[in-house]
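A.B. asks: Below: one structure in structure tokens.
We did not get these values from a lab; they are worked out from the coordinates using the rules stated. These numbers come from a predicted model, not from an experiment. Cβ placement follows ideal geometry from the backbone for every residue including glycine, while neighbour counts extend to all protein chains displayed.
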Amino acid sequence: MSAFLFVKDERLSYQRLISVSWNVLGFGGCGSSLNAKTQGGDVRGVRSWRTFRNTYLMGPKSLFTAIVDDDDYLEVLKTPAVDQTQMVGKTNSVCNRISRRLRPWFWPQIADAAMWVSASESGSYSPSTYLIEEPGPLLIQLMQRTSIDASIVDLGCNSGANLNFLYQSGYRRLAGVDAGRQALELFAHTFPEAFACARPANDLFQHYLLTTDTDAFDVLHSNGATIELVHPSFPIVAEICRVTRDSVYLDICERGHAYPRRYVEQFARYGFVLVHGERASDPVHHSSILVFRNQSKSR
């Protein structure tokens, strides 16, 4: 009932609601299946439904940990480096499309990470693309607000540019994680001192967070196409809040990428309130800068 009222509030007519495909309304876990077959108000309505579903209607953490085990993580991490067009072809194979449509939306899955595991210099997610020369606005916010002795983890550190900026600015309690093997190899080659300091893990976010102690870091940073690509069967926001003692810094598309969510509401649920926001006027195609502070543990 609540889902229907939500869709009604979004001004999606009853006729449009029943025209939304079976895949969108519950089967076929891949959010990227939203495509040109739905137009205008249907697109807005479908994305609104998915945002609601991904925020409020997912399964419990216990279901994820019961279904996904260490062997599943290792299988994804062993994905060979290939041209991304080949990986897209495998993802969109007939068998995979059928499997996605038969699987309920809340069923745990981690296969999305294979795109980043396989990222190479010959593909569209080339690690060298992320070797930026200057700190972006999100990292500037972090350095302005964070003491030099704070412990900081970069979720999705890729080739290490942001961790190197922090290292060069005097931060030493650094950590990072990324699924991309070649990205971390480039990190080690380009910024050896920062790499040695941060000792980034080659891991999936899900496994890394689940095996990290509560309040392990003062600050968590994640910049660009990271947590938006984690299937919502994993409670990514809840786990981020669990391992972070003080502040979370995000640069994300709030309603874009594969799995749109209501991030501000999700973080508030775990005591992290928005203290700085540069919200995109088009949250589907442009990113927002969001800074959250843990009110329950703030000093």
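A.B. asks: Sort out for me the Cα centre separation of the stretch 135-191 from the stretch 114-128, rounded to whole Å.
C.D. replies: 19
A.B. asks: Pick out, from Val264, Ile289, Leu210, the residue whose Cα sits farthest towards the positive end of the charge dipole of the stretch 176-299, with +1 on the Cβ of Lys and Arg and -1 on the Cβ of Asp and Glu.
C.D. replies: Val264
A.B. asks: Taking the mean number of other Cβ atoms within 10 Å as a proxy for protection, how do you rank 58-65, 148-155 from highest to lowest?
C.D. replies: Descending mean neighbour count gives 148-155, 58-65.
A.B. asks: Report D for the stretch 206-299 in µm² per second (integer): Stokes-Einstein, Kirkwood Rh on Cα pairs, 4 °C, 1.567 mPa s.
C.D. replies: My calculation gives 98 µm²/s for D.
A.B. asks: Given 25 °C and 0.890 mPa s, how large is the Stokes-Einstein diffusion coefficient of the stretch 151-255 in µm²/s, with Rh as the Kirkwood radius over Cα pairs?
C.D. replies: It diffuses with D of about 179 µm²/s by this estimate.
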